[in-house]
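K.L.:
Quick one: the structure is below, and I'll ask about it shortly.
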Amino acid sequence: METQSAGAAVGSEQQPLMKKNEKQNKKKMIKVIMVGIDESDESFNALRWTLDFLFVSIGEAPETRLDEVGKVVLVHVQQPFHHYVFPAGPGGAAFYATSAVVESVRKAQEENTTVLLSRALQMCKDKMVSLAEAETLVLDGDPKDMICQAAEQMQVDLLVVGSRGLGKIKRAFLGSVSDYCAHHAKCPILIVKPPRESSK
């Protein structure tokens, strides 16, 4: 009898412990996923992968509550336009762009950003992710720094970026946004490599 009562006591203690673990697991759910978007196919591949494997859509799981679905933040960083150009040859004089040229470049950047983010939002819509669950964020500056700063400020649960598959030498000279984010982001990061057929 003592064994049964001891077993019953252990069993009753385990039930609250299980409920506590279930609550902790719910707290650890990914609520906000930030995806870096640029003009590369790799960034759209990263978004596609995110929507396919990380994001629960209402159509696939009708019993899922809206607050459990999470949110996708599509971030695009426009690089600043430098008003001056240094010639490649001898002489060393700098040439400054006129205000008309600067305005033209800014307008082209804005149009490019609109097209990129419209394409990304359409992908979300096609995957049955409502536009209320997908936000866009446009920043100006160095993409490496701005993506890490935005992820930290928004307290995202996961940062997703695409990898261009640069070799070691190209990465050393050109730099890599994904490599930088992997070392400097204050949140978990997922780097989505290109599909096998496109990397050959």
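K.L.:
Can you give me the number of residues within region 110-122 that are touching a Phe, Trp or Tyr at 6+ places or on another chain (Cβ under 9 Å) and surrounded by fewer than 17 Cβ atoms within 10 Å (Cβ to Cβ)?
P.N.:
So the count comes out to 1.
K.L.:
Moving on to the next point. Does V102 qualify as being crowded, with 17+ Cβ neighbours inside 10 Å, of a type outside the set (S, T, Y) and modelled with pLDDT under 80?
P.N.:
no
K.L.:
Can you tell me which residue within region 63-99, out of those that are hydroxyl-bearing (S, T, Y) and at pLDDT 75 or above, is nearest to the chain's Cα centre (by Cα)?
P.N.:
That would be S99.
K.L.:
For region 122-146, name all the residues that are at pLDDT 90 or above, outside any strand (DSSP E or B) and polar (S, T, N, Q).
P.N.:
Q122
The values are calculated or read from the model by the stated rules, or taken from the named source; none is laboratory data. Everything numeric in this text was worked out from a predicted model, so none of it was measured. No Cβ is skipped: glycine too gets one built from the backbone with ideal geometry, and neighbour counts run over all protein chains shown.
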